[in-house]
Structures are given as C-alpha cells and as structure tokens.
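Bear in mind these aren't lab numbers, they're just calculated from the coordinates by the rules spelled out. Source: prediction; values computed, not measured. For neighbour counting, all protein chains shown are included, and Cβ atoms are generated from backbone atoms with ideal geometry for every residue, glycine included.
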Ligand SMILES: C[S@@+](CC[C@H](N)C(=O)[O-])C[C@H]1O[C@@H](n2cnc3c(N)ncnc32)[C@H](O)[C@@H]1O
C-alpha cells in the first residue's frame with residue numbers, strides 16, 4: 001500500500017514535469033490514472049492505480065504526454081531515501097521559466113549532476129546562484145554521496161541578496177541546506193576568501209565575470225578538479241579571456257546542448273579538468289629550488 005501511494009505521489013510530479021519530451025513507461029501512465037482519480041478519495045486512487053497496474057492493457061506511451069526523469073525516481077526501492085529535492089526542483093524550474101529567471105535548464109543540469117556524481121567532490125563552489133536551480137541539482141548529488149566519512153559541501157555565491165534568500169529557502173525545503181552555504185557578494189571577490197582544496201566549480205554569473213572567478217580560484221583547485229562554465233556558446237565573446245585561460249592551462253572541451261528554454265535553444269558548457277599531476281614543464285628547475 002505504501003509503495004503504491006508513493007508511486008502516486010511521483011505520478012503527480014510527472015504531471016508537473018510534462019512537456020520535456022521523454023519516454024513514458026506504461027506503468028507511469030497507469031499511475032497518472034490513479035492520480036486523476038485521487039479527487040474521489042485517496043483509497044479509491046490506490047485501488048484504481050493498483051488495478052491499472054495489474055490488468056489494464058490500454059494506454060502505453062501514446063496515452064499521455066511525456067514525463068521527465070522524476071518519474072524514474074518513483075522506481076526507488078522501498079527502504080531508499082525519498083527524493084525530497086525533486087518537487088522543489090520542478091517548482092523552481094517552472095518559476096524560472098514563467099518569470100524568465102535565467103537558469104541552466106534541465107538538459108545541462110542533468111549533465112552537471114552527472115559530472116558531480118562522477119567526480120564525487122568534497123567541496124564545490126558555484127558562482128551565480130540565482131534562485132537555486134543548479135544548486136539544487138548539485139546539492140542533491142552531494143547528499144546522495146554523503147556518508148559518515150565523506151561530508152561534502154557546496155558554497156554558492158550570489159550578488160543579489162533577494163535571490164540568495166530565495167535560494168536558501170528552496171534549499172531548506174529540499175532538505176539540502178545542511179550541506180550548503182549561500183554567500184552574498186561579488187563572486188570574483190568572495191572566491192578569494194575561500195579556503196581550498198576545491199574539487200568542483202560551476203561558474204554561471206555573466207561572461208565578463210568568469211575570468212575573475214577562475215583567477216581567484218586557480219590556486220585552490222585540487223588535482224583532477226572539474227570546472228564547468230555555462231554559456232560557453234552564446235557568451236563565448238564576453239568570456240574569451242576565461243576560455244583562453246582554461247584551454248591553455250587545463251584539459252578543456254566544449255559540450256553543446258539543445259535546450260527547450262524560452263530564451264535559447266542551443267548553448268554550450270566548457271568543461272575543464274585540472275591535471276592530476278603537474279606537467280613536466282611545471283616542475284621547478286634545480287636552480288629555482290634554492
Ligand atoms: C544565469 S543566473 C545563474 C543561474 C543558476 N546558476 C541556475 O542555473 O539556476 C546568473 C546569476 O549570477 C548573478 N551574478 C551576476 N554577477 C555576479 C557576480 N559578480 N557575483 C555573483 N553573482 C553574480 C546574477 O544575479 C544571477 O542571479
């Protein structure tokens with residue numbers, strides 16, 4: 001019963017996420033039927049949802065609009081922690097789209113989350129929080145990786161105090177605030193006060209500011225640190241000094257994304273990796289050692 005109710009809750013999230021153009025498994029469609037019936041009573045919804053799952057041959061992928069990846073989180077086995085961030089992410093995403101608050105959008109957020117998952121950083125720094133959309137994606141990965149021995153942290157920096165306050169509130173509601181510090185100020189200055197080693201950086205605070213951010217961070221990056229910079233396509237000209245720097249000093253590549261954002265259909269992220277070991281040319285010469 002609990003499992004079925006849990007699935008219904010996530011079908012609700014799927015509805016909120018409609019329109020992202022992804023595959024809808026049949027069982028998710030059955031759950032949407034259960035959700036539709038919820039007005040007739042919670043118990044009724046459970047029964048209909050269950051019957052739908054058992055015997056209904058109708059529906060399939062064509063029966064409803066595509067559902068986003070939140071649906072797949074409904075498949076979390078009993079005993080795993082529920083994803084408290086998912087409904088907040090959906091809400092923030094909708095608000096950003098409705099009110100034209102620039103954010104990375106789902107396609108790049110998924111890639112960003114994947115990079116965080118792979119790097120498993122202890123300390124992440126984000127420059128440009130807005131109202132917390134990308135911070136929620138990053139922090140959710142940090143929370144999943146958190147253990148008694150591994151206590152990751154995200155420091156996110158936003159120049160607009162009102163936005164910073166709103167981000168803080170969304171992160172609290174997503175139950176992620178224990179691993180996040182929201183700092184208010186100019187990221188170019190704030191990063192100079194931070195202590196390393198920093199394992200992961202996400203820069204998304206207007207192209208002309210990017211170089212100042214990396215300049216203040218470069219000496220605090222750990223070997224193998226990952227640096228992701230958004231808008232490397234549409235803002236390539238205004239962040240040229242940044243792009244020149246990372247392409248010269250790190251292993252760096254540009255990844256392009258087709259997006260479904262009202263303000264842009266295609267943009268790139270520059271993904272740079274700090275070398276694990278100093279390059280031979282970086283070793284001090286014998287004469288330098290004295
Ligand atoms: C594109 S939005 C960030 C979106 C956010 N990363 C996301 O995906 O949800 C850029 C944000 O950077 C902030 N910003 C601009 N200049 C800044 C600076 N010098 N330091 C810190 N934040 C800055 C803006 O106020 C704005 O909220």
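Worth a mention:
- The set of residues in region 121-150 being closer than 23 Å to residue 195 by Cβ, more than 10 Å from the chain's Cα centre (by Cα) and free of Cβ contacts under 8 Å to residues at least 60 places away in the same chain consists of 129, 142, 143, 145, 146, 147, 148, 149, 150.
- Filter result (without any contact (Cβ under 8 Å) to a residue 24 or more places away in the chain and within 12 Å of residue 88 (Cα to Cα)) within region 151-173: 169, 172
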